[in-house]
Structure formats: structure tokens, C-alpha cells
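Peer 1: Quick one: structure below, then a few questions.
The values are calculated or read from the model by the stated rules, or taken from the named source; none is laboratory data. Because the structure is a prediction, the values reported are computed rather than measured. Quick reminder, even Gly has a Cβ in these numbers, built from the backbone with ideal geometry, and neighbours come from all protein chains shown. Keep in mind that these areas ignore ligands, DNA and RNA; they rest on the heavy atoms of the full protein, side chains included. Shrake-Rupley method; radii C 1.70, N 1.55, O 1.52, S 1.80 Å.
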Amino acid sequence: MKLQEQKIIHQQQLLQSAIKIQHEERKHFAADLHDEIGGGISNILLSVESIKKEQAAPPEIISKSQHIRDQLNHLLQKVREISYNIMPPT
């Protein structure tokens, strides 16, 4: 009887450890996704915005830069959604 109780306790400890490790991995992945990928997209957005603001930029360049900016904003929003779905803020 004691041996079975010890086995059950050991299995519960293993399960709790696995859950904790999975939680930490998800937290780390979500943070990397949000910070690294999101930050990189934000930097690209700033560069595209600077092109758009150049006085000598032809209208087609301004139009293309606006299209790129819209796509990047959409991508940035998706990265945020994915990272929050992986690890909702608490």
C-alpha cells in the first residue's frame, strides 16, 4: 500500500514538474516572439515611415511605402495576438 502511495506521489510530482516546465517554455517563447519579432517589425515600420516622409519621394514610392506600412502593421498585430494567445497577460 505504501509503495503504491509513493508511486502516485512521484507521478504527481513528475506531472507538476512537466506542467511547470511547459508553462515556462511558453512564457519564454511568447516573450521572444513579442519582443524580438515585434520589435524588429516596429523598426522596419519606422524605416518605411521615414521613406514616406521624404520630401523628394515620388508618389508611387509614397503609395508603396503606405502599402508596406499597412502590411507590417497587420503582421505586427498578428505577432501580438499569437504571443498573447500563447501566454495571456496575467
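Peer 1: When the residues of segment 68-90 are filtered to those that are open to solvent by 60 Å² or more (accessible area, probe 1.4 Å) and touching a residue at least 12 places away in the same chain (Cβ under 8 Å), which remaining residue is farthest from Ile51 (Cα to Cα)? Break it down stepwise before answering.
Peer 2: If we filter segment 68-90 for residues that are open to solvent by 60 Å² or more (accessible area, probe 1.4 Å), which is where we start, we get 68-71, 73-75, 77-78, 80-82, 84-85, 88-90.
Filter once more, keeping what is touching a residue at least 12 places away in the same chain (Cβ under 8 Å): 68-69, 73, 75, 80, 82, 84.
Details: Ile68: 11, Arg69: 11, Asn73: 16, Leu75: 19, Arg80: 25, Ile82: 29, Tyr84: 31 Å.
Ranking the candidates gives Tyr84 first.
Peer 1: Here are the criteria: (1) open to solvent by 100 Å² or more (accessible area, probe 1.4 Å); (2) free of Cβ contacts under 8 Å to residues at least 60 places away in the same chain. Tell me which single one Ile9 does not satisfy.
Peer 2: Answer for Ile9: the failing condition is (1).
Peer 1: If only one of Ile51, Ile41 is free of Cβ contacts under 8 Å to residues at least 40 places away in the same chain and within 13 Å of the chain's Cα centre (by Cα), which one is it?
Peer 2: Numbers: Ile51 fails: within 13 Å of the chain's Cα centre (by Cα).
Going through Ile51, Ile41 in turn, just one is free of Cβ contacts under 8 Å to residues at least 40 places away in the same chain and within 13 Å of the chain's Cα centre (by Cα): Ile41.
Peer 1: Counting just the residues of segment 37-56 that are surrounded by 14 or more Cβ atoms within 10 Å (Cβ to Cβ) and aliphatic (A, V, I, L, M), which one comes out farthest from Glu81 (Cα to Cα)?
Peer 2: Ile51
Peer 1: In addition: Can you find even one residue in segment 21-30 that is under 13 Å from the mean Cα position of the chain (by Cα) and closer than 28 Å to His67 by Cα?
Peer 2: Checked segment 21-30: at least one residue is under 13 Å from the mean Cα position of the chain (by Cα) and closer than 28 Å to His67 by Cα.
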